[in-house]
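In what follows, a single structure is set out as C-alpha cells and then discussed.
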Amino acid sequence: MSLPLTVEARAYGLVGDGTGNDQPALAELVDALGDGYEADGRPRTIRVPAGRYVIRDRPVVWRSGVSLIGEGRGATCFVLCNPGRPADPVPLAWFTAQEHGAGRERHLADVTFAHLEIDGSGARTTEYHPLAKGLGLQYVLRGRFSDLYIHDTAATGFGCDFLQDTVVEGVLAERCGAQDPGDKMGGAGIGIGIGGWGRVERLAVTACTATGNGTNGIFVELQQEKWPPPRGIRITACHTEDNRFGISDWGADGLLVTSCTMIGNHEAGFDVSSQGTSGVGGRGGIVTGCVIDGNVRDGIGFGNTPGPYSFRGNRISANGRYGHWEHNLAGGDREAAADVVLESNDIRDNALDGIRFDAALRDPAVIGNRIRGNGRRSAPAAAGGGDGVRCSRLFLTDEHADWTPDGHRGKPVTVGGRSALVMYNTATELALAPVRPGAGTAWEDGPPPPGTAYRLPDSPGPRAGITVDAELFRAHVRDNRVWDDRPDRTQTHGLWVTRAGRWSGGRVSGNDFTGNAAEPVRLDSAPQDVRWGDDNDT
C-alpha cells in the first residue's frame, strides 16, 4: 500500500490502551513504510500519540528509513512482555547480524527513535538472554536516538551496535540488566558494540544518564578480537550512578570522554580492561573534565591495554579504595602499558592510595596533580551491638559510637553474619552501598534486627599519595603537590615504593611531598637510574 511520508500510528491499527497487543500493527506498518523508503529513498516517520503500546511475545524487525517519534517520556510508552514465549527476548525493535543478516552492506539507514519510553519490566526470559534489550539494532547508518527513557529491561536497555554517523542523546537508562548477575554479556544501561564499520566509527553519545544498571552505565565494546579498535567515538556530558561500572572502554581507540560525572558506582567510576566480549581493552583515550567521585571501590580502574591513555583535569575523589588503580585482569593483555599520562587532576579524600600502580608501565607521566588527604580509611577496628544499634535499608547507626568521620570508608561491616560495604560515615552512622546496582538496600533479606552485633576491621598499613607496587620504566613524576593538611592526617606518605616495586629510569623533580602523616617518601626498594631533583623533603 502507498502511505504518506508521515503517518499517525492510531490510523493504522495501533491502540495504545495498555492491554491489546500492538506488535502486529506496528510490524505491518514498519514493513509498509520500509518498502516505500526502499522504492524511492525518502525516509518515513511514524508519529505515536500518548498511550501505553504493548509489544507482546515478538519484537518488531526494523527497516531502513523508518522513524518512530512519540510525544515524550511518560506519555508515549512501549510496554514489552513475553507471556506466550518466555524463553525468547522481546526488544521493541531489532535488526541483528545473527538473526537478520545485518552487515555493512545490509544496514539500517536514516532511522530516528525519539521522545518515547520503553518499559521492559514485563519481559523476562527463563534464562538470561543478552538480546533481551529495549532496543537491539546493529549496523545503523545516520541514526538518531533522542529523548528516550528505557528502564527495567532484562539485559541492556539501549543495546545497539556499529553506529556510524549516529547521535545518541538524552537517553535515560534505569535499572536495566535486571537478570544479569554482573558477570554476563550485556546488562548495561547503554551498551554499544563497536568495530563493525572498520577503523572509524563516527558516534557521539551526549547528555545521557544511566543509573542502577546491572553492569555498566555506558560502555563501548569491541566485538571481535581480530577487528582493529575504531576511532571516532565521543562520550560527553553524561551521568552514571549506582551501576557496577560507570563508563567503560572495552576496546576503542581514542575514546574521548569529557564533562561526565561518574559517582556511586560499585566497582569503578571509569574502567579500561579486558572484560568485554573480545577481551580487548581500550587504548589512546582521553578522559578530561570529569567528576569521578564516591564510587564504592575505585575511581579509575585501568589495565589490559598497551596504552597510551590520558587523564587530564579530572576530580577523582572520595572513592572507597584507590583514586586511580593501575592493574591487569587475568586473561587480557598484560604487557606494560606505554605513555599513560595523569596530568592536572585533583585526587583527594580517597580511602586508600591516591594513585596506585599494581601493573607495569613504560614511560608514564604523572605531572602537575594535586594529591591531597587520601588514606581516609584510617579508623581502628570497631565493634558494637545492643542498645542504640539499628540498621535501615542503607544505614547502620550506633548512637554510642564516636567514629572518625569517613575513617571507615570502603570497609566491610559484618552484622550478624552478613556483610555490607561502607560508602562513608559520620561519628555515629555508616552509609552502606546497595547490595547490587539498583537494589536500594544493602541487605538481601531485609535489615538486621535492632541491637545486632557488628564489627569493622582495622585500617590497612601505608596509604600514600602515590604508591609503586610494580615495574615502572622511565617514569616521569614532576610538579605534583602531594600532601595532607587536615588536623587528622591520614595520607601517610607522599610517595611509596614498596618491596615489590621496581622503578628503573626516568625523573622525579619539582614535587612537593611535605606535610604527610608519616614522612614525605618511603623507599622499600630503591629506584635505579632515576634522576631526582628540586623535590621538597626527599
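A quick yes/no check of all residues on (1) open to solvent by less than 10 Å² (accessible area, probe 1.4 Å); (2) in a strand (DSSP E or B); (3) in contact (Cβ under 8 Å) with a residue 24 or more places away in the chain; (4) of a type in the set (Lys, Arg):
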{"position": "LEU33", "(1), (2), (3), (4)": "yes, no, yes, no"}
{"position": "PRO49", "(1), (2), (3), (4)": "no, no, yes, no"}
{"position": "VAL54", "(1), (2), (3), (4)": "yes, yes, yes, no"}
{"position": "GLY103", "(1), (2), (3), (4)": "no, no, yes, no"}
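Any idea which residue in segment 228-276 is surrounded by the most Cβ atoms within 10 Å (Cβ to Cβ), counting only those that are under 11 Å from VAL287 (Cβ atoms) and hydroxyl-bearing (Ser, Thr, Tyr)?
THR258
Filter segment 38-47 down to the residues that are surrounded by fewer than 21 Cβ atoms within 10 Å (Cβ to Cβ) and either among the basic types (Lys, Arg) or within 13 Å of ALA27 (Cα to Cα) (or both), then identify the one that is farthest from the chain's Cα centre (by Cα).
Per the criteria, the residue is ARG42.
Here's the yes/no breakdown for (1) more than 22 Å from ASP346 (Cβ to Cβ); (2) buried (at least 23 other Cβ atoms within 10 Å of the Cβ); (3) touching a Cys at 6+ places or on another chain (Cβ under 8 Å):
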residue: LEU472; (1), (2), (3): yes, yes, no
residue: PHE513; (1), (2), (3): no, yes, no
residue: ASN516; (1), (2), (3): no, yes, no
residue: GLU519; (1), (2), (3): yes, no, no
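Name the pairs whose Cβ atoms lie under 7 Å apart, with the first residue in segment 464-482 and over 18 Å from ALA500 (Cβ atoms) and at pLDDT 95 or above, the second crowded, with 18+ Cβ neighbours inside 10 Å and aromatic (Phe, Trp, Tyr), and 6 or more positions between them or separate chains?
Hits for this filter: VAL482/PHE513.
So, of the residues in segment 289-347 that are in contact with a Lys or Arg (Cβ under 6 Å, 6 or more places away or on another chain) and in contact (Cβ under 8 Å) with a residue 60 or more places away in the chain, which turns out to be farthest from ARG409 (Cα to Cα)?
For segment 289-347, the residue satisfying everything is ALA336.
Of all residues in segment 399-451, count the ones that are in contact with a strand residue (DSSP E or B) (Cβ under 8 Å, 6 or more places away or on another chain) and of a type in the set (Lys, Arg).
The number of residues fulfilling the criteria is 2.
Are any of the residues in segment 77-92 closer than 25 Å to HIS129 by Cα, in a strand (DSSP E or B) and β-branched (Val, Ile, Thr)?
yes
Can you tell me which of (1) assigned to a loop (DSSP other than H, G, I, E, B); (2) crowded, with 17+ Cβ neighbours inside 10 Å is the one PRO460 doesn't meet?
Checking PRO460 against (1) assigned to a loop (DSSP other than H, G, I, E, B); (2) crowded, with 17+ Cβ neighbours inside 10 Å, the one that fails is (2).
Kindly provide the set of residues from segment 404-425 that are open to solvent by 60 Å² or more (accessible area, probe 1.4 Å), assigned to a loop (DSSP other than H, G, I, E, B) and within 22 Å of LEU352 (Cα to Cα), ordered by number.
Across segment 404-425, the qualifying residue is only PRO405.
Given (1) in contact with a Phe, Trp or Tyr (Cβ under 9 Å, 6 or more places away or on another chain); (2) among the charged types (D, E, K, R); (3) within 23 Å of ASN314 (Cβ to Cβ), identify the lone condition not met by LYS184.
(3)
Just to be sure, is GLY320 under 24 Å from ARG199 (Cβ atoms) and part of a loop (DSSP other than H, G, I, E, B)?
So GLY320 does not fit the description; no.
Quick one: which strands (runs of 3 or more DSSP E) lie wholly within segment 129-215 and hold at least 2 residues that are over 18 Å from THR240 (Cα atoms), touching a residue at least 24 places away in the same chain (Cβ under 8 Å) and open to solvent by 20 Å² or more (accessible area, probe 1.4 Å)?
Numbers: elements: 135-141, 144-151, 161-164, 166-174, 190-194, 200-206, 209-211.
Filter on segment 129-215 gives 135-141, 200-206.
Would you confirm whether or not segment 341-356 contains a residue that is β-branched (Val, Ile, Thr) and under 25 Å from THR215 (Cβ atoms)?
Checked segment 341-356: no residue is β-branched (Val, Ile, Thr) and under 25 Å from THR215 (Cβ atoms).
Pick out the one residue from PRO437, PRO450 that is touching a residue at least 12 places away in the same chain (Cβ under 8 Å), farther than 19 Å from ASP406 by Cβ, open to solvent by 60 Å² or more (accessible area, probe 1.4 Å) and assigned to a loop (DSSP other than H, G, I, E, B). Reasoning before the result, please.
Values: PRO437 fails: open to solvent by 60 Å² or more (accessible area, probe 1.4 Å).
Testing whether each residue is touching a residue at least 12 places away in the same chain (Cβ under 8 Å), farther than 19 Å from ASP406 by Cβ, open to solvent by 60 Å² or more (accessible area, probe 1.4 Å) and assigned to a loop (DSSP other than H, G, I, E, B) leaves just PRO450.
Is it the case that SER378 is open to solvent by 30 Å² or more (accessible area, probe 1.4 Å) and closer than 30 Å to THR428 by Cα?
Spelling it out, SER378 is indeed open to solvent by 30 Å² or more (accessible area, probe 1.4 Å) and closer than 30 Å to THR428 by Cα.
Of the residues GLY187, GLY159, GLY195, only one is among the small types (Gly, Ala, Ser), closer than 20 Å to GLN275 by Cα and touching an Asp or Glu at 6+ places or on another chain (Cβ under 6 Å); which?
Among GLY187, GLY159, GLY195, only GLY187 is among the small types (Gly, Ala, Ser), closer than 20 Å to GLN275 by Cα and touching an Asp or Glu at 6+ places or on another chain (Cβ under 6 Å).
If a residue counts only when it is small (Gly, Ala, Ser) and within 19 Å of ALA338 (Cα to Cα), which strands (runs of 3 or more DSSP E) contained entirely in segment 227-307 have at least 1 such residues?
The qualifying strands (runs of 3 or more DSSP E) are 285-288, 298-302.
Might you check whether a residue that is among the hydroxyl-bearing types (Ser, Thr, Tyr), buried (at least 18 other Cβ atoms within 10 Å of the Cβ) and out of contact with any Lys or Arg (no Cβ under 6 Å at 6 or more places or on another chain) occurs anywhere in segment 490-504?
Scanning segment 490-504 turns up at least one residue that is among the hydroxyl-bearing types (Ser, Thr, Tyr), buried (at least 18 other Cβ atoms within 10 Å of the Cβ) and out of contact with any Lys or Arg (no Cβ under 6 Å at 6 or more places or on another chain).
The values are calculated or read from the model by the stated rules, or taken from the named source; none is laboratory data. Note that the coordinates shown come from a computational prediction; the quantities given were computed from them, not determined experimentally. A quick note on method: Cβ atoms are made from the backbone with ideal geometry, for glycine too, and the neighbour counts reach across all protein chains shown. These area figures cover heavy atoms from the full protein model, side chains too; ligands, DNA and RNA do not enter into them. Shrake-Rupley method; radii C 1.70, N 1.55, O 1.52, S 1.80 Å.
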